[in-house]
Amino acid sequence: MEAILSALNESQLEAVKKIDDPVLILAGAGSGKTKTITSRLAYLIGVVGIDPANTLTLTFTNKAANEMRERALSILKSANLKVVYPPLLCTFHKFGLLFLKFNINRLGRKNNFIVIDGDDKKRILKSFEIEMPTSMVSNEISYYKNSFLTPELAKEQAEGKQYEIIASLYERYETYLLQNNLVDFDDLLTLTYKILDTDEELCEATSRRYQYIMVDEYQDTNDLQYRLLRKLCYTHSNICVVGDDDQSIYGWRGANIKNILEFSQMFDNTTVIKLEYNYRSTDEILRVANDLIEHNRSRLGKVLKSTKGKGKEVQFMESSDENQEASAVALRVKKLIDGGVNPREIAILYRINALSRSLEEGLNRVRIPFKMVGGVKFYERAEIKDLISYLRIIINPHDDFSLLRIINRPKRGLGKVTIDKIVHLANDAKLSMYDFMRKNMEIIKEITSKKSYEKLVEFLEGIENIMSINSSYDLIEELERAFGIRQYYKELPDSIDRILNIDEFFGLFRDYIKQNPEATIDMFLNEIALQSEQDQIDGESINIMSVHASKGLEFEHLFVIGLEEGFFPLIGESNDIEEERRLGYVAVTRAKKELTLSCSASRFYKGKRTDLTKSRFLNEAGICGGGLIIEKSSEFKKGDLVKHKIFGIGRVTEVTKIKKESKLSINFGGSKRDILSTFVEKI
């Protein structure tokens, strides 16, 4: 065990040996976080002598849990320490499942319940024959549950007809789960918390059992998970959380960065340990990462230091448009592969999925095989397939395959039974579905509701109207006006990405017609069919993916494209610029050896070609001038007005440098306090 501990650096060793009271381990990217957690668990069991049954380590994925368990047991084995049974190391939801199996009876429910997944949940909601998108209703119900809103409260707080309907569906859904003894993914935590919150004796017993708690990726926890951890710490404060506030990138799905930023205030006597030595990237790459993230105000503050040496300078690429960018990146990738680099060690990242279209085509042209990680290729995305199906129907209305895809998209109130009847009747009459419906509207009227019948008539008339348009360039606009495809996808939870994909496709279509004035729709469809075909390309693949999908991965050679205002950072009412900057930090720190950052002077944006400005992140990271820039949080001077979350607004009267931080003397309306600069923001 001594040999294992001697392999840790000073900060890692401190984190391993600090076992009592709250501990916050701020683990920078590539700083050996997993090694530290597993060594700490092995130290608790093998050196301190803590019973494995009294430990609980919580993670966010089964993969991470399994890896940590194996590594911790391997450390104990190598130290000749026998463990009769392994420590409990699992996801939050697995813990909830184990807890409910023993305790759900306290809610008057049977413990032979069945856990349903997301698809099961959507199928149940679909059985209620709802008009609005199932995904939207499903997500809203998850939001209600994680916010501790009962169906009754959701009904009371519903604003507007749409949310009144969702609240009613929530009530029906909950009744269905109870009647069938089902538990959904959200229930695993909400019901666990409910039991612990209402049964003090059980809460105390559970807390006494798990005397030493560790939580991985703490920056990704939500309000419910925080509350659950408070219950588990009911009788003690031996909680160690590991995370990186600079890598908190899931605010859009409920993660609350305040859980890590304010951990020291939430748990008394907290020890904060920073892991700042990076074992992944070179000095040059980390300089860019450190310079960029220093512009965020809401952070605890740390500086990554490389153990790899200086390395190559970070490369910067400028292109006139997305096609030139894709070609330039593809050629650089080809040069790397031709030079002997393993394709698996090369990755290209982008902030929004719509940017993958030109990239995919650029790689295909140079015949570079690629694998899309955690995503779907541009022409395989549902919204793009819908648009292609609409265009195919306009060329050939007798294409039943395409018609079946779009007949109820957007929703026209047609159930599967009704559609199956139309298919069956059309087959019997030896007609295409389109022909059958046009010639037998009276029959259609009998087998559909009045509303669905009217929608179908509108659909068929819309197809015919578009077929009569002479100008291909105007066709795409008429298609949207007639069928509202953008509007349909706008109502779905992941609408931002989907709308950007639709706009990219519309822009691509218009650009193709501009470049080829005599072109027909079928020529356009044939062209994109060829561009999206990758089956003929053999060999090992490079990786392309969104920045979100890259979290936790690392590559020798990394390209980040689309660094323009509006694309990265993505700007909008629902976007937090500090979370966007954290995304930039995550992207940069995936690179081990070589990093290339790329921007384009123009792209298709909202369906038309638009001139763009360089991302502010390029400026902030010291790559080039231009773009917007925000003052670094450490740059405070006497006279600055600042805001503190507890003391309110005050004026800086003195600035004192303490290592890499600043201590500020601040006058809060007569009350003077000394506070570190990372805990205030400039007004």
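The values are calculated or read from the model by the stated rules, or taken from the named source; none is laboratory data. All values reported here derive from a predicted model rather than from experimental measurement. Here the Cβ is made from the backbone with ideal geometry for all residues, glycine too, and neighbour counts use every protein chain on show. Quick note on the areas: whole protein, heavy atoms, side chains included, nothing else; ligands and nucleic acids left out. Shrake-Rupley method; radii C 1.70, N 1.55, O 1.52, S 1.80 Å.
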ask   = Restricted to segment 194-221, and to residues that are among the hydrophobic types (A, V, I, L, M, F, W, C) and in a strand (DSSP E or B), which residue is surrounded by the fewest Cβ atoms within 10 Å (Cβ to Cβ)?
value = ILE213
request  = Scan segment 31-49 residue by residue and report those that are in contact with an Asp or Glu (Cβ under 7 Å, 6 or more places away or on another chain) and closer than 19 Å to TYR585 by Cβ.
outcome  = SER31
Test for LEU191: is it aliphatic (A, V, I, L, M), modelled with pLDDT of 95 or more and within 28 Å of the chain's Cα centre (by Cα) = yes
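So which residues in segment 351-381 are closer than 15 Å to SER600 by Cα and among the aliphatic types (A, V, I, L, M)? I'd like the intermediate steps shown before the answer.
As a first pass, look at segment 351-381 and keep what is closer than 15 Å to SER600 by Cα: 351-352, 354-359, 362.
Passing the criteria: ILE352, ALA354, LEU355, LEU359.
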request  = Could you list all residues from segment 412-424 that are open to solvent by 70 Å² or more (accessible area, probe 1.4 Å) and closer than 19 Å to ILE130 by Cβ?
outcome  = LYS416, VAL417
ask   = Got at least one residue in segment 445-462 being over 19 Å from PHE506 (Cβ atoms), exposed (fewer than 13 other Cβ atoms within 10 Å of the Cβ) and hydrophobic (A, V, I, L, M, F, W, C)?
value = no
query = Scanning for something touching a residue at least 24 places away in the same chain (Cβ under 8 Å), aromatic (Phe, Trp, Tyr) and within 21 Å of LYS411 (Cβ to Cβ), does segment 112-119 turn up at least one residue?
reply = no
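Sort out which residues of segment 260-282 are over 26 Å from the mean Cα position of the chain (by Cα) and either of a type in the set (A, V, I, L, M, F, W, C) or surrounded by fewer than 16 Cβ atoms within 10 Å (Cβ to Cβ) (or both), and write them in order of number. Quick ask: steps written out before the conclusion?
The initial filter retains those residues of segment 260-282 that are over 26 Å from the mean Cα position of the chain (by Cα), namely 264-273, 277, 282.
Once the filter is applied, which keeps residues that are over 26 Å from the mean Cα position of the chain (by Cα) and either of a type in the set (A, V, I, L, M, F, W, C) or surrounded by fewer than 16 Cβ atoms within 10 Å (Cβ to Cβ) (or both), segment 260-282 yields SER264, GLN265, MET266, PHE267, ASP268, ASN269, THR271, VAL272, ILE273.
How many residues does segment 92-107 contain that are open to solvent by 70 Å² or more (accessible area, probe 1.4 Å) and under 20 Å from ASN180 (Cα atoms)? Break it down stepwise before answering.
Filtering segment 92-107 for residues open to solvent by 70 Å² or more (accessible area, probe 1.4 Å) gives 94, 101-102, 105-106.
Then drop every residue that is not under 20 Å from ASN180 (Cα atoms), which leaves 101-102, 105-106.
The qualifying residues number 4.
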key: Criterion violated by ILE466 - all others in (1) of a type in the set (Val, Ile, Thr); (2) out of contact with any helix residue (DSSP H, G or I) (no Cβ under 7 Å at 6 or more places or on another chain); (3) open to solvent by less than 30 Å² (accessible area, probe 1.4 Å) satisfied   = (2)
request  = Find all pairs meeting these conditions: Cβ atoms under 6 angstrom apart; at least six residues apart or on different chains; first residue within segment 574-592 and over 25 Å from ILE346 (Cβ atoms); second residue open to solvent by 10 Å² or more (accessible area, probe 1.4 Å) and part of a loop (DSSP other than H, G, I, E, B).
outcome  = GLU578/SER298
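Give VAL288, VAL333, VAL329 a once-over and let me know the one that is in a helix (DSSP H, G or I), in contact with a Pro (Cβ under 9 Å, 6 or more places away or on another chain), closer than 30 Å to ARG357 by Cβ and touching a residue at least 24 places away in the same chain (Cβ under 8 Å). Before you say what the answer is, go through the steps one by one.
On the way: VAL288 fails: in contact with a Pro (Cβ under 9 Å, 6 or more places away or on another chain); VAL329 fails: in contact with a Pro (Cβ under 9 Å, 6 or more places away or on another chain).
The unique qualifying residue is VAL333.
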query = Pick from segment 287-308 the residues that are modelled with pLDDT under 95 and of a type in the set (Gly, Ala, Ser): which of them is least open to solvent (accessible area, probe 1.4 Å)?
reply = GLY301
request  = From the list ASP197, ASP220, ASP216, pick out the single residue that is of a type outside the set (A, V, I, L, M, F, W, C), closer than 17 Å to LEU107 by Cβ and modelled with pLDDT of 90 or more.
outcome  = ASP197
ask   = Quick one: is GLY552 at pLDDT below 95 and over 17 Å from ASN296 (Cβ atoms)?
value = yes
message = Just the residues that are more than 30 Å from GLY572 (Cα to Cα), open to solvent by 10 Å² or more (accessible area, probe 1.4 Å) and not basic (Lys, Arg), please, taken from segment 315-364.
response = LEU331, LEU336, ILE337, ASP338, GLY339, GLY340, VAL341, ASN342, PRO343, GLU345, ASN364
key: Looking only at segment 504-522, and only at residues there that are at pLDDT 85 or above and hydrophobic (A, V, I, L, M, F, W, C), the one that is nearest to ASP321 (Cα to Cα)   = LEU508
remark   = Per the list (1) at pLDDT 95 or above; (2) more than 16 Å from GLY96 (Cβ to Cβ), residue check on LEU228 breaks on (2)
inquiry  = Restricting to segment 446-476, name every residue that is under 30 Å from GLY566 (Cβ atoms) and in contact (Cβ under 8 Å) with a residue 12 or more places away in the chain.
reply    = SER472, TYR473, LEU475, ILE476
key: Filtered residue count, segment 377-399, keeping only those that are crowded, with 18+ Cβ neighbours inside 10 Å and without any contact (Cβ under 8 Å) to a residue 60 or more places away in the chain   = 1
note = Of the conditions (1) touching a helix residue (DSSP H, G or I) at 6+ places or on another chain (Cβ under 8 Å); (2) outside any loop (DSSP other than H, G, I, E, B); (3) surrounded by 19 or more Cβ atoms within 10 Å (Cβ to Cβ), the single one that LEU404 does not satisfy is (3)
query = Mind checking which residues of segment 12-29 are open to solvent by less than 30 Å² (accessible area, probe 1.4 Å) and out of contact with any Ser or Thr (no Cβ under 6 Å at 6 or more places or on another chain)?
reply = ILE19, ILE25, LEU26, ALA27, GLY28
